[in-house]
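First comes the structure, then the notes that go with it.
The values are calculated or read from the model by the stated rules, or taken from the named source; none is laboratory data. Small disclaimer: the values here were computed from a predicted structure and weren't measured. Please note: Cβ atoms are built from the backbone with ideal geometry, for glycine as well, and neighbour counts cover all protein chains shown.
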Amino acid sequence: MESNFKYKLSVIIVNYNVEYFVDQCLNSVKSSITNHSIEVIVIDNASIDGSVDLLEEKYSELKLIFNKENVGFSRANNQGIDISQGEYVLLLNPDTVVEESSFEKVINFMDKHPYAGGLGVRMIDGKGHFLPESKRGLPNPIVAFYKIFGLSRIFPKSKRFGQYHLGHLSEFETNKIDVLSGAFMLMRKKALDKVGNLDEDFFMYGEDIDLSYRIQKGGYDNYYFADTSIIHYKGESTKKSSVNYVFVFYRAMIIFAKKHFSGNNAGLFSFLINLAIYFRATVAISGRFVKRITLPVIDLLYIVCGLFALTNYWKISNIEFPEELIKYSIPIYGITWVGIVFFNGGYDYPTKILKYLKGTIIATAVILIAYAVLPKSLQFSRLFIFFGAAWVLAFYIISRIFLHFGFGRKFKLRNNDKKSFVIIGNESEAIKTKELLVQTQEKLGEIISFSSIEEFKKTSRKIDEIIFCSGSQSYEKIIATMSNEKEKTYDFKISPNNSNHLIGSNSIDTAGELYILNLNTLVSNENKRKKRLFDLLISTGLLITLPFLTFLFKNKTKYVKNIGNIFIGKKSFIGFSKELTMKDVRLPRIKQGLITPDDPFQHADASVRQKLNLLYARDYSMRKDFSIVWKTWRKLDN
């Protein structure tokens, strides 16, 4: 070690509201500190969950920096770099897990390659899939074009079209690359001193590309190192499937282009990026919409055609329907039946026949009520409505049975299968993990325990999820098992040592998951629709009565604005406070509300108010929303 470096390696982690993930990350980092002197620096970017308390209580021996505001990824990392005293600097994401030998291996590689300025490693997601961003090429205009318009996805192994993720290079071979991933970015401190730290013009994305490029321009090489692997719970800090991510990420690419490319190339790049932003956003939104409405539209066509065919029975019986009335009423009937079945959860998966029965009955009642208030001249046959309802219900039952047997898993009728688990750990870890599963899982099947991964591999029993206990199982073996599971038929979770939660992720597109308490009722598709329907109905009623009710409120302008925001979907009547949502990771993320579930009980203590919010998330109903609004309507102008 050179005399001017106090440590061989400085590990810098920037945390922002990912308490449970940074805990697991630091646990793995501590296990990877072996033969070399290593310092760990954690910068917290003004988290308001339990991160600060966790760091102060559990990791007080580390170098901790607590920012008063979120200064962004680049600036926070630079704070760590500025005080680091290591020969090498590692920027590590908080939602990662490293192997016990990771630091030893990367340090040895860098020592043997003096012209290596930066290094990235093989990364897998929480399902065990290789993450292609582990090795990337420089996103010049032509490479960006291939990626934006899908050629890199169509030809991932092509040396020409797959340049963005260097698909022609094996994930199991070490190679020189252009761009390192910010999730694990190891750099020689001398190289940083020469080319500079992260560019703080990049708040969240693009800073790794920029610094990787400057390292190369400084005369150093960047490497993809395949001899160690880490888990990266891709998307935990930011939800990468969102339209907002598309805008932020590609805007960062524009900053990069203007900084490093010549005028013409920068202009072309900026044009392509702006085109990509709107192209990707449009495709994402329209794709989700088309996918969601395809089956309801097909059902509507079948139902309406059946209703028109049903009128022939009346014609045969010499019962004449007014042609103009039939032309409009039957499509309205069909839309009502399909629409109410949709809002009642009939198009959620797995398929539940009872949802169709309930939706059809409610829709029929709505049609009959509307029919009753029509003038006699427009009432043509109440019996037709009952026959129509029978046809709708028969269609739904027959078609869903057909889809169940014809198309399999997606359209499988209500799934009552219980989930089976394997716990790999010692006896005390297995008991603790089993207790947690009992508390958090509704359909709990068989739970099998093994003391080691080797013992587990001997079994041939069918299981759904493997839970590794990191207290007795090495991260190296855990990552190897996840990575080597070729079929990827299992879901994986890790139970961090001395913690009361499980962490995992079931696909490359989902953020990390926590097993703490099952509070997902509120954000089920059915309840999201019900909550939006409640907001829409009540806000519509309040907008209609504005001239009569506005005088009841002190802040009349704010009241009108609030109701308008609810009507357009920007806000909701009931929501959790931002502070509580960030502090209690168990609460699902929903729209900001004018009222909180605990507002009717203002004099209750903090613990009771917290429980009221948890109960609202677990036992949501439209009736509960109405009750809260009824009791606290004077807060609608807040």
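Among residues that are within 24 Å of the chain's Cα centre (by Cα) and in a loop (DSSP other than H, G, I, E, B), residue 60 is not included. Out of all the residues in the range 472-490, is one or more farther than 24 Å from residue 123 by Cβ and surrounded by fewer than 16 Cβ atoms within 10 Å (Cβ to Cβ)? Checking the range 472-490: not a single residue is farther than 24 Å from residue 123 by Cβ and surrounded by fewer than 16 Cβ atoms within 10 Å (Cβ to Cβ).
Counting only helices (runs of 4 or more DSSP H) that sit completely within the range 346-449, those holding 3 or more residues that are surrounded by fewer than 17 Cβ atoms within 10 Å (Cβ to Cβ) and of a type outside the set (A, V, I, L, M) correspond to 382-407, 427-440. Given the structure, is residue 14 assigned to a strand (DSSP E or B) and either over 21 Å from residue 227 (Cβ atoms) or not assigned by TED's automatic domain parsing to the domain that holds residue 184 (or both)? The answer is yes for residue 14. Suppose we filter the range 544-573 for residues that are under 28 Å from the mean Cα position of the chain (by Cα), among the hydrophobic types (A, V, I, L, M, F, W, C) and within 17 Å of residue 638 (Cα to Cα); how many remain? Of the residues in the range 544-573, 3 are under 28 Å from the mean Cα position of the chain (by Cα), among the hydrophobic types (A, V, I, L, M, F, W, C) and within 17 Å of residue 638 (Cα to Cα).
When you check residue 89 against the structure, is it buried (at least 18 other Cβ atoms within 10 Å of the Cβ), within 22 Å of residue 134 (Cβ to Cβ), in contact with a Lys or Arg (Cβ under 6 Å, 6 or more places away or on another chain) and hydrophobic (A, V, I, L, M, F, W, C), yes or no? Break it down stepwise before answering.
Numbers: buried (at least 18 other Cβ atoms within 10 Å of the Cβ): yes; within 22 Å of residue 134 (Cβ to Cβ): yes; in contact with a Lys or Arg (Cβ under 6 Å, 6 or more places away or on another chain): yes; hydrophobic (A, V, I, L, M, F, W, C): yes.
It is true that residue 89 is buried (at least 18 other Cβ atoms within 10 Å of the Cβ), within 22 Å of residue 134 (Cβ to Cβ), in contact with a Lys or Arg (Cβ under 6 Å, 6 or more places away or on another chain) and hydrophobic (A, V, I, L, M, F, W, C).
Taken together, the residues in the range 556-602 that are at pLDDT 80 or above and not in a helix (DSSP H, G or I) amount to 18. Scanning the range 313-348 for residues that are modelled with pLDDT under 90 and more than 37 Å from the chain's Cα centre (by Cα) yields a count of 18. Considering only the range 213-224, I want to know if a residue exists there that is assigned to a helix (DSSP H, G or I), within 27 Å of residue 28 (Cα to Cα) and touching a residue at least 24 places away in the same chain (Cβ under 8 Å). Within the range 213-224, none of the residues are assigned to a helix (DSSP H, G or I), within 27 Å of residue 28 (Cα to Cα) and touching a residue at least 24 places away in the same chain (Cβ under 8 Å). Each residue in the range 470-500 was checked for being within 17 Å of residue 24 (Cβ to Cβ) and among the basic types (Lys, Arg), and 2 of them qualify.
If you go through the range 608-621 one residue at a time, do you hit one that is modelled with pLDDT of 85 or more, under 30 Å from residue 503 (Cβ atoms) and not β-branched (Val, Ile, Thr)? The answer is no; no qualifying residue exists. Every condition in (1) without any contact (Cβ under 8 Å) to a residue 12 or more places away in the chain; (2) closer than 19 Å to residue 628 by Cβ holds for residue 561 except the one numbered (2). The residue list 192, 180, 169 contains one member that is at pLDDT 90 or above, of a type outside the set (D, E, K, R) and in contact with a Ser or Thr (Cβ under 6 Å, 6 or more places away or on another chain), which is 180.
Here 240, 258, 234 are screened, and the one residue that is outside any helix (DSSP H, G or I) and modelled with pLDDT of 65 or more is 234.
If a residue must be surrounded by fewer than 17 Cβ atoms within 10 Å (Cβ to Cβ) and closer than 21 Å to residue 638 by Cβ, how many such residues does the range 595-611 contain? Before you say what the answer is, go through the steps one by one.
Let us first name the residues in the range 595-611 that are surrounded by fewer than 17 Cβ atoms within 10 Å (Cβ to Cβ), namely 600-608, 611.
With the extra rule that they be closer than 21 Å to residue 638 by Cβ, the set shrinks to 600-604, 606.
Matching residues across the range 595-611 total 6.
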